[in-house]
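A.B. asks: First the structure, which I've put down as structure tokens, then a few questions once you've had a look.
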Amino acid sequence: MTKRAGRGRFTPAVVGAVLAAALGGGALVVGADHVPAHAAHAAAPATASATPATPSPTPTPLPTSTVAARYRGTVTQVRIPGTVSHFPARPGFVYLPAAARQKNAGRFPVVMALSGQSKHAQPSDVIVLARIQTIMDGIAARNGGRAPIVVIPDQLSAGPKNPMCVDSPIGNVDTYLTVDVRRWTLAHLPALADRQDWTIAGFSEGGTCSIQLGAKHPDIFGSLVDVSGEEVPAYGSLAHTIATGFGGSRAAYERATPFALLQAGAPYHGMRAFFGAGTNDRKLGWVAPIMARHARAAGMTVAYKPQPGKHDWRVAHAVLWWAFDRLVGWWHLSPAAAAKAAAGH
């Protein structure tokens with residue numbers, strides 16, 4: 001059990017010891033994202049046009065090398081066990097903001113960030129390709145060293161497969177992320193628990209997971225970021241998806257689609273959703289504006305960003321920065337706001 005210093009506070013020494021104990025080995029290996037073989041409700045891109053909800057320029061990220069050392073966070077590889085889900089996850093990563101090293105730093109918002117899915121996809125893609133530390137260090141530099149904690153779990157497991165962020169014979173990913181990862185984060189890191197301070201974000205398959213789980217679990221996540229996500233969960237053909245992931249039940253599959261989850265959860269209150277995709281993404285770029293309209297119709301506060309580029313991590317980096325920059329005022333990021341949130345005020 002993790003020890004906490006006086007009144008439930010995490011000291012830098014305790015956080016460091018916990019992460020050291022959870023540290024896993026292995027080098028960073030990255031892979032290009034995979035686009036699924038089908039879209040069950042495919043619509044022609046020509047019908048998918050939409051006016052951006054809040055068009056605005058993307059802030060220029062501060063390269064980590066230009067951020068003063070006192071504002072640079074740390075990235076540690078960790079093992080997050082599937083205690084309840086029994087999901088065989090590979091090691092994930094945690095980004096801790098610089099302020100977490102300070103005494104009596106309090107608690108921080110949490111971003112759960114997910115990679116895409118491909119033959120060689122790994123959680124490290126979020127660090128190496130999405131450059132999440134550059135984004136967060138930039139936020140920290142503008143907020144006295146404070147930025148969200150980023151937890152990057154493995155939602156895929158080993159092998160070229162897509163468990164689709166549902167509980168299924170392929171793996172209980174929904175339970176792993178929303179129960180095991182959340183409990184581990186709250187037990188081991190100086191994390192705030194309020195839904196307003198939890199964001200789920202991802203690229204491609206990770207973006208699909210973000211809208212699925214964000215829509216299904218608004219009691220956990222107060223915001224979501226879906227970058228170049230799919231219209232529906234997919235593992236090969238539609239027939240293969242239903243057979244392997246949903247026990248052959250078309251009805252169960254339909255209930256797991258983002259559209260169905262949004263309808264089931266409506267009307268949403270106090271839920272922020274950000275969508276973005278490359279303007280030259282011919283495979284999935286058309287999905288984002290459609291998903292944005294459905295989320296807005298369900299009651300979410302929505303923003304959509306068409307980003308110059310294709311279906312790649314450069315687009316993901318830009319959209320993530322844009323979305324997180326707009327969440328800074330929503331999260332309880334300042335020490336005073338974090339203290340009130342931690343106290344339940």
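The values are calculated or read from the model by the stated rules, or taken from the named source; none is laboratory data. In this text, all values refer to a predicted model and were calculated from it rather than measured experimentally. With ideal geometry, Cβ positions are generated from the backbone for all residues, glycine too; neighbour counts draw on all protein chains shown.
A.B. asks: Give segment 85-118 a look and list any residue that's closer than 17 Å to Leu156 by Cα, part of a loop (DSSP other than H, G, I, E, B) and not charged (D, E, K, R), or say none.
C.D. replies: Within segment 85-118, Ser85, His86, Phe87, Pro88, Ala89, Pro91, Ser115, Gly116, Gln117, Ser118 qualify.
A.B. asks: What about Trp321, is it touching a helix residue (DSSP H, G or I) at 6+ places or on another chain (Cβ under 8 Å) and surrounded by 19 or more Cβ atoms within 10 Å (Cβ to Cβ)?
C.D. replies: So Trp321 passes the test.
A.B. asks: I've got another one for you. Take residues that are touching a residue at least 12 places away in the same chain (Cβ under 8 Å) and of a type in the set (S, T, N, Q) and tell me which of the helices (runs of 4 or more DSSP H) falling wholly in segment 236-345 contain 1 or more.
C.D. replies: Result: 238-245, 258-265.
A.B. asks: Is there a residue in segment 162-185 that is over 30 Å from Asn104 (Cβ atoms), assigned to a strand (DSSP E or B), touching a helix residue (DSSP H, G or I) at 6+ places or on another chain (Cβ under 8 Å) and not hydroxyl-bearing (Ser, Thr, Tyr)?
C.D. replies: yes
A.B. asks: Now for a different question. Could you list, in sequence order, the residues of segment 130-159 that are aliphatic (A, V, I, L, M), closer than 23 Å to Ala337 by Cβ and crowded, with 24+ Cβ neighbours inside 10 Å?
C.D. replies: If the condition is that a residue be aliphatic (A, V, I, L, M), closer than 23 Å to Ala337 by Cβ and crowded, with 24+ Cβ neighbours inside 10 Å, then Ile132, Ile135, Met136, Ile139, Ala140, Ala147, Ile149, Val150, Val151 are the ones that fit.
A.B. asks: Shifting gears a bit: Given the criteria at positive phi and in contact with a strand residue (DSSP E or B) (Cβ under 7 Å, 6 or more places away or on another chain), does Ser157 qualify?
C.D. replies: Yes, satisfied.
A.B. asks: Something else now. For Ala121, are the conditions met, namely being part of a loop (DSSP other than H, G, I, E, B) and within 23 Å of His188 (Cβ to Cβ)?
C.D. replies: Spelling it out, it is not the case that Ala121 is part of a loop (DSSP other than H, G, I, E, B) and within 23 Å of His188 (Cβ to Cβ).
A.B. asks: What about Arg250, is it under 30 Å from Arg282 (Cβ atoms) and modelled with pLDDT of 95 or more?
C.D. replies: It is true that Arg250 is under 30 Å from Arg282 (Cβ atoms) and modelled with pLDDT of 95 or more.
A.B. asks: Something else now. State all residues of segment 198-217 that are more than 13 Å from Met112 (Cα to Cα) and either within 10 Å of the chain's Cα centre (by Cα) or assigned to a helix (DSSP H, G or I) (or both); if no residue qualifies, say none.
C.D. replies: Listed by number, the residues that qualify are Glu205, Thr208, Gln212, Ala215, Lys216.
A.B. asks: If you go through segment 59-84, how many residues are modelled with pLDDT under 95, outside any loop (DSSP other than H, G, I, E, B) and either hydrophobic (A, V, I, L, M, F, W, C) or surrounded by fewer than 17 Cβ atoms within 10 Å (Cβ to Cβ) (or both)?
C.D. replies: Residues that pass the stated criteria total 4.
Residues are listed down the side, and each one gets a yes or a no for (1) in contact with a His (Cβ under 9 Å, 6 or more places away or on another chain); (2) farther than 14 Å from Gly207 by Cα; (3) among the hydrophobic types (A, V, I, L, M, F, W, C):
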| position | (1), (2), (3) |
| --- | --- |
| Glu254 | no, yes, no |
| Gln263 | yes, yes, no |
| Phe274 | no, no, yes |
| Asn280 | yes, yes, no |
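A.B. asks: May I ask you to verify whether Thr301 is closer than 24 Å to Asp194 by Cα, among the polar types (S, T, N, Q) and surrounded by 15 or more Cβ atoms within 10 Å (Cβ to Cβ)?
C.D. replies: Taking the combined requirement at face value, the residue satisfies it.
A.B. asks: Take the residues of segment 285-297 that are surrounded by fewer than 22 Cβ atoms within 10 Å (Cβ to Cβ) and of a type in the set (A, V, I, L, M): which is nearest to Tyr268 (Cα to Cα)?
C.D. replies: By that ranking, first place goes to Ala297.
A.B. asks: While we're here: Restricting attention to segment 250-269, report how many residues are exposed (fewer than 14 other Cβ atoms within 10 Å of the Cβ) and touching a helix residue (DSSP H, G or I) at 6+ places or on another chain (Cβ under 7 Å).
C.D. replies: Qualifying residue count, segment 250-269: 1.
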